[in-house]
Amino acid sequence: ENRFRGAIIYPPNCETKLYVWRKEWQAYLINRPTFDKIIYQNIADEVNIRFKESVIEIFREKGLWKIKTNRDIYYSKILVDDEGARYNIVRKLGLKPPGYRNILPAIQFEMSNVRDIDEDFVEIFFGEKWAPGFFGWIAPKDENKARVGLAVYRNFSPRKFLEKMVKHHPIASKKLSHAKIDKILGGIVVVNGPLKKTYGNHFLLIGDAGGFTKPTTGGGVVIGGKISEIAGEVVLKGVKENDFSEKMFREFEYRWRKRYGKNFIMMKLLRKIIYRLSDKSIDKLFLKLKESEGEELITKYGDIDEQKKLIYRSILYPKISIYALYLEMKSIFERPSKMF
Ligand SMILES: Cc1cc2nc3c(=O)[nH]c(=O)nc-3n(C[C@H](O)[C@H](O)[C@H](O)COP(=O)(O)OP(=O)(O)OC[C@H]3O[C@@H](n4cnc5c(N)ncnc54)[C@H](O)[C@@H]3O)c2cc1C
């Protein structure tokens, strides 16, 4: 529906802003139902997809999975769980889902009559007072339509926070307070990173179910899709060798960890650092980034899908990393309760 060259990122007090962008397109705004439909059309001849059918219970029976749905019972040698952020099947498989601070309720308004937005840029709004535990966003669809959303920790109401952002945020409200809400969508953003174990005897986890989203942004379409490709290859190997044992599926975890493991670790670390800081500290960090070429650093090394490189580079950049460390130490003493 649209594409972006970069982002404009605001700290809680909005006294400065970071522009990070490249000439080339960096991200695409997609219509998720259409995207899913296109994928479905591409595989419809080869895959038997059942709509409006929910898995209710799973059992192991005579070396097979017995899968009970609201309509029927199926038997299968393999179970690939892609249930999203519900974690019902994950629990039934005996695995531990993410903790409640890493599963964030989210809301998004589709808005029209939005003012003063640049179609080529997503706008991001940080601040505990605006979106505790995450951030708010305006993702333009065109010059006067946008998707506007945020996620929050589970003890808060995302709707109340989004209404507050629309009406009272010093920057966002100027663009949104006259806009009309055309559609509302709710969901869950997963910021946990992959679960401790994502495979087992005769099963694999993919997508949000496996925690395959970026802990910094909750984005799981690209990285989740790439990891699902690995899952597909391992399952195919299992089918060829008629081996669906835990030992065979260990290869799935080995391969995704080898390719993306460090990225997940670094993104999780960055998330922990940022969301422990108070709004005042984030304001100071933004000023520091602005005055010490932080925008150039992010522009040069930032990659929306693989953020490891940027995080390594920032650590090697003492003007920023030592200051961030100082703010972090300060916050540990000032806000010990935030040490989750
Ligand atoms: C508001 C919001 C904005 C987001 N923005 C972005 C973004 O900009 N970029 C990005 O990359 N990611 C974004 N994400 C995250 C992204 O949506 C997910 O990472 C992605 O959809 C995960 O895909 P999935 O297939 O694992 O899960 P889902 O897309 O949740 O699909 C899981 C499916 O399983 C079905 N299901 C669940 N339980 C059962 C059952 N028992 N039986 C049968 N079916 C079942 C569900 O109905 C659903 O259709 C956003 C999320 C939210 C909430």
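No lab work stands behind these numbers, since they all come straight from the coordinates. No experiment lies behind these values; they were computed from the predicted model shown. All Cβ positions, glycine included, derive from the backbone under ideal geometry; neighbour counts span all protein chains shown.
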Open item on the list: Which of LEU176, LEU93, LEU29 has the fewest other C-beta atoms within 10 Å, and how do the rest follow up to the most?
Closed with: LEU29, LEU93, LEU176
Task: Estimated FRET transfer efficiency when R0 is 51 angstrom, pair ARG22-ASP243 (beta carbons, to 0.05) - done: 0.70
Open item on the list: Under the rule of at least 5 residues apart or a separate chain, name every residue whose amide H is placed under 5 Å from the amide H of LYS145.
Closed with: VAL114
Task: Histogram of C-alpha separations across segment 91-208, 5 Å bin width, % - done: 2, 12, 20, 19, 14, 11, 8, 6, 5, 2, 1
Task: Between helix 158-168 and the chain: long-axis angle, C-alpha atoms, 0 to 90°, nearest 10 - done: 20
Task: Ordering of 103-109, 22-28 by burial proxy (mean other Cβ atoms within 10 Å per residue, highest first) - done: 103-109, 22-28
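Pull up the DSSP beta bridges for the chain and report the antiparallel fraction as a percent, rounded to 5.
Working: 44 of 52 bridges.
Bridges in the chain are about 85 percent antiparallel.
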Task: By average C-beta atoms within 10 angstrom, highest first, the peptides 187-194, 166-173, 138-145 - done: 187-194, 138-145, 166-173
Task: Rounded tilt (10° steps) of 32-43 against the dominant C-alpha axis of the chain - done: 30
Open item on the list: Just to verify a number: FRET efficiency for LYS258 and GLU83, C-beta to C-beta distance, R0 = 22 Å, to 0.05?
Closed with: 0.30
- [ ] For the chain, set up a Gaussian network in which alpha carbons nearer than 10 Å are linked by springs, and say which option among GLY261, GLY127, GLY136 fluctuates the most.
- [x] GLY261
Open item on the list: Ignoring everything except DSSP H segments at least 4 long, calculate the 222 nm mean residue ellipticity for the chain; use -39,500 (n - 2.57) per segment, divide by total residues, nearest 500.
Closed with: -12000 deg cm²/dmol
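For each pair in LYS17/LYS197; LYS196/LYS290; LYS66/LYS196; LYS68/LYS237; LYS160/LYS262, compute the distance between the two Cα atoms and list the pairs where it is over 30 Å.
Violating the 30 Å limit, Cα to Cα: LYS17/LYS197; LYS196/LYS290; LYS160/LYS262.
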Task: Linear extension gain, LYS272 paired with TYR75, 0.36 nm per residue minus alpha-carbon span - done: 66.7 nm
- [ ] Could you work out, for segment 1-144, what percent of all Cα-Cα pairs fall into each 10 Å distance bin, beginning at 0 Å and stopping at the bin that holds the largest distance?
- [x] 9, 24, 27, 21, 15, 4, 0
